[in-house]
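The values are calculated or read from the model by the stated rules, or taken from the named source; none is laboratory data. Everything numeric in this text was worked out from a predicted model, so none of it was measured. All Cβ positions, even for glycine, are placed from backbone atoms using ideal geometry, and neighbour counts span all protein chains on display.
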Amino acid sequence: MNMKTTILKTDLRFPEGPAFDDAGRLWCVEQEGERLFCRHVDGTSERIQVGGKPNGLTKGPDGWLYFCDSGKNAIRRLHPENRQVETVLEAIHGQPLNMPNDLIFDQYGNLLFSCPGPPDDDVHGYVGVLTTKGNTDIITEGLRYPNGLAMLPNGTSLLIAETHRKRIWCGHWDAVSLTWENIRVWAETGEKGFGPDGLTVGPDGNLYAAIYGGSRVQVFDQDGISVSEISIPGENPTNLTFSPDGYRLIVTEADKGQLLSIQLS
C-alpha cells in the first residue's frame, strides 16, 4: 500500500476523535487542553474552549458535533456554526456516566457510546445507547475498557474495541429492541501496543483500528482478518476517520500531539 503522510497540526494536547462537519471543516478534541480544535478548509485553524476532558467526537445526523467528556461524565454537543455547546446526557439508569470515551450513531439516529471508567482501573465498563426518543439503556457490560465503536457496512454488525484485552468484539445490533446479540470475538490486535482505541470503516469496507501504544493503524477485512498495517509517526494513535472524498485517512496521535492526513493509494 503506497502512502503519503502529511502533518496537519502539531502541539495538540492529547488529540482524539477526528470528524468532518457538513462544511468540510476538520475537527478533533484536545483532551488535556479542554477544547476542540477546528481546521478550516483553507488551512487556517482555531480552538474552542469547552472545559472538561473531551474525548471521542462524531458528527450527528443533525449536523451538530457530539463529543464524550470523561471529565464531566457527560455527552455534549457543539454547533459548528454558532459554537453553541449543550449537554446531551449525564446519567443512565439514574447513575452518572462512567467517563464516556467514544461514540457513533447507527443508521436510525440512535447514539451508541462507550463508558470504560478510569484507564488504569480494572473496573469493567459498559456500552450504552441514547435513542432518538430520549430513552437510555446499557447494551453490554463487563468489558475491560470498552473503547472505539464502529458499524460494518451492513448497518447491523456493531464492533466494540476492548482495549485492555487487545481484541474487537462483533455482534448483531437490533435498533428496535436495543439489543446486541450473537456476540463473538471478531479480531485480536496482537501483543504490540496497549490495544485497539478508535475504529472507523473505510470506503473499501475494511475496518481501520488505531492501536494505542503500537505506532500503527491495523486494517481488517469484514471477516475480522488482518490484511495490512499502516505505520504512524508516533507511538499512540488514538482515533481516526476518512475524509469526505474517501482518499485520506485522518489520524489523531497523542504521543507527539499531531493531527495526521494519510493519502492512501
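Please go through the stretch 164-191 and pick out each residue that is closer than 25 Å to E229 by Cβ, out of contact with any Leu (no Cβ under 9 Å at 6 or more places or on another chain) and touching a residue at least 24 places away in the same chain (Cβ under 8 Å).
We begin by selecting, within the stretch 164-191, every residue closer than 25 Å to E229 by Cβ; these are 164-170, 184-191.
Keeping just the survivors that are out of contact with any Leu (no Cβ under 9 Å at 6 or more places or on another chain) gives 166-167, 184-185, 188-191.
Matches in the stretch 164-191: K166, R167, T189, G190, E191.
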Item checked: Pairs with Cβ under 8 Å, 6+ apart, first in the stretch 110-131 and on the phi < 0 side of the Ramachandran plot, second crowded, with 24+ Cβ neighbours inside 10 Å and charged (D, E, K, R) -> F113/D102; S114/D102
Check: So is Q263 farther than 16 Å from P146 by Cβ, in a strand (DSSP E or B) and without any contact (Cβ under 8 Å) to a residue 40 or more places away in the chain or not?
Finding: no
Item checked: Looking only at the stretch 147-176, and only at residues there that are out of contact with any strand residue (DSSP E or B) (no Cβ under 6 Å at 6 or more places or on another chain) and over 19 Å from G56 (Cα atoms), the one that is surrounded by the most Cβ atoms within 10 Å (Cβ to Cβ) -> A175
Notebook entry, point to check: Restricting to the stretch 194-224, what's the tally of residues that are more than 18 Å from the chain's Cα centre (by Cα) and touching a residue at least 12 places away in the same chain (Cβ under 8 Å)?
Noted result: 3
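Please go through the stretch 25-60 and give me each residue that is touching a Cys at 6+ places or on another chain (Cβ under 8 Å), of a type in the set (D, E, K, R) and not in a loop (DSSP other than H, G, I, E, B), ordered by number. First the steps, then the outcome.
Step one: of the stretch 25-60, the residues touching a Cys at 6+ places or on another chain (Cβ under 8 Å) are 25-27, 36-37, 45-48, 54-57.
When the remaining residues are screened for being of a type in the set (D, E, K, R), the result is 25, 46-47.
Matches in the stretch 25-60: E46, R47.
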Margin query: Need pairs with beta-carbon distance below 6 Å; first residue more than 18 Å from I232 (Cα to Cα) and within the stretch 8-23, second of a type in the set (S, T, N, Q); sequence gap 6+ or separate chains.
Written below: A19/T58; A19/T241
Margin query: Based on this model, can you work out whether V176 counts as aliphatic (A, V, I, L, M) and outside any strand (DSSP E or B)?
Written below: yes
Note to self: Checking the conditions here, which among N147, N236 is under 17 Å from the mean Cα position of the chain (by Cα), farther than 23 Å from L111 by Cβ and in contact (Cβ under 8 Å) with a residue 12 or more places away in the chain?
What the structure shows: N236
Notebook entry, point to check: Quick one: which strands (runs of 3 or more DSSP E) sit completely within the stretch 86-131 and have at least 1 residues that are β-branched (V, I, T)?
Noted result: 102-105, 125-130
Checklist line | Top-ranked residue in the stretch 228-250 [being assigned to a loop (DSSP other than H, G, I, E, B) and buried (at least 20 other Cβ atoms within 10 Å of the Cβ); ranked as modelled with the highest pLDDT] | finding: N236
